[in-house]
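Asker: First the structure, then my questions, so here it is.
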Amino acid sequence: MERSLMLLKPDCVQRRLVGRVLARFEDKGLNLIAMKLMRVTPELARRHYAEHVQKGWYPSLEAFITGGPLVAAIVEGPEAVRVVRDMVGSTNGLDAAPGTIRGDFSTSQQMNLVHASDGPESAAREIEIFFDASEIHAYAPTIRPWLSAPDDD
């Protein structure tokens, strides 16, 4: 099983889309193994977006991500990183395909509702930034045998 971090950004919370977005991942069969409503501090934003801090557009990103509460969550499942990114869609909501979260709900590059880890290594790094080990509760859902065949691996 692979894990991915998702941040349901302040625009997602303010637009009251959290339940609808989370339901899509649950409907897909991903396990929600950690979740919390929180405020991102400027320090946490700089740690999370370390590779972007020196870019000219970073101050507006920091103002956005710290501007309201967000929901941080970890999902787990087969190829979770790829599956989540496919479901979220292209970064710019105007470019995102219909049926993706951004394609259905976003018209912005920055206010694009969801952050999704871009690879297993970044997922592991990001999960450690947002969650302590004691906050992660992996479990085997009883529905698992009905989500994929034993020989799907």
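The values are calculated or read from the model by the stated rules, or taken from the named source; none is laboratory data. Since the structure is predicted, the reported quantities are computational estimates derived from the model, not experimental observations. We place every Cβ from the backbone using ideal geometry, glycine too, and count neighbours over all the protein chains shown.
Table: residues versus (1) farther than 21 Å from Ser4 by Cβ; (2) touching a His at 6+ places or on another chain (Cβ under 7 Å); (3) at pLDDT 95 or above; (4) surrounded by 14 or more Cβ atoms within 10 Å (Cβ to Cβ).
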{"site": "Val40", "(1), (2), (3), (4)": "no, no, yes, yes"}
{"site": "Gly67", "(1), (2), (3), (4)": "yes, no, yes, yes"}
{"site": "Gly93", "(1), (2), (3), (4)": "no, no, no, yes"}
{"site": "Arg102", "(1), (2), (3), (4)": "no, no, yes, yes"}
{"site": "Asp132", "(1), (2), (3), (4)": "no, no, yes, no"}
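Asker: Moving on to the next point. Look at the range 18-38 and say how many of its residues are closer than 17 Å to Gly67 by Cα and of a type outside the set (D, E, K, R).
Answerer: The qualifying residues number 3.
Asker: Name the one entry in Tyr58, Tyr49 that is surrounded by 13 or more Cβ atoms within 10 Å (Cβ to Cβ), without any contact (Cβ under 8 Å) to a residue 40 or more places away in the chain and either charged (D, E, K, R) or in contact with an Asp or Glu (Cβ under 9 Å, 6 or more places away or on another chain) (or both).
Answerer: Step by step, each of Tyr58, Tyr49 is checked, and only Tyr49 is surrounded by 13 or more Cβ atoms within 10 Å (Cβ to Cβ), without any contact (Cβ under 8 Å) to a residue 40 or more places away in the chain and either charged (D, E, K, R) or in contact with an Asp or Glu (Cβ under 9 Å, 6 or more places away or on another chain) (or both).
Asker: Something else about it: Looking at Glu76, is it free of Cβ contacts under 8 Å to residues at least 24 places away in the same chain, acidic (Asp, Glu) and under 20 Å from Arg144 (Cα atoms)?
Answerer: no
Asker: Hey, another quick one. Regarding Val71, is this residue crowded, with 19+ Cβ neighbours inside 10 Å, of a type in the set (A, V, I, L, M), out of contact with any Pro (no Cβ under 7 Å at 6 or more places or on another chain) and not in a strand (DSSP E or B)?
Answerer: The answer is no for Val71.
Asker: With the structure loaded, tell me whether Val40 is among the β-branched types (Val, Ile, Thr), farther than 24 Å from Ile143 by Cα and over 16 Å from the mean Cα position of the chain (by Cα) or whether it fails that test.
Answerer: When the stated conditions are applied, Val40 does not pass them.
Asker: When you look at Met111, is it under 16 Å from Leu7 (Cβ atoms), surrounded by 15 or more Cβ atoms within 10 Å (Cβ to Cβ) and at pLDDT below 95, yes or no?
Answerer: Spelling it out, Met111 is indeed under 16 Å from Leu7 (Cβ atoms), surrounded by 15 or more Cβ atoms within 10 Å (Cβ to Cβ) and at pLDDT below 95.
Asker: When the residues of the range 6-37 are filtered to those that are touching a residue at least 60 places away in the same chain (Cβ under 8 Å) and assigned to a strand (DSSP E or B), which remaining residue is surrounded by the fewest Cβ atoms within 10 Å (Cβ to Cβ)?
Answerer: Lys36
Asker: Conditions first: (1) touching an Asp or Glu at 6+ places or on another chain (Cβ under 6 Å); (2) charged (D, E, K, R); (3) in a loop (DSSP other than H, G, I, E, B). Arg3 passes all but one, so which condition is the exception?
Answerer: (3)
Asker: Pull up the range 105-146, narrow it to residues that are charged (D, E, K, R) and over 16 Å from the mean Cα position of the chain (by Cα), then point me to the one that is nearest to Ala73 (Cα to Cα).
Answerer: Selected residue: Glu135.
Asker: Considering every residue within the range 83-90, establish whether at least one is assigned to a loop (DSSP other than H, G, I, E, B), over 19 Å from Ala124 (Cα atoms), in contact with a Gly (Cβ under 7 Å, 6 or more places away or on another chain) and not acidic (Asp, Glu).
Answerer: yes
Asker: Residues in the range 96-115: is at least one β-branched (Val, Ile, Thr), within 17 Å of Leu30 (Cβ to Cβ) and assigned to a loop (DSSP other than H, G, I, E, B)?
Answerer: yes
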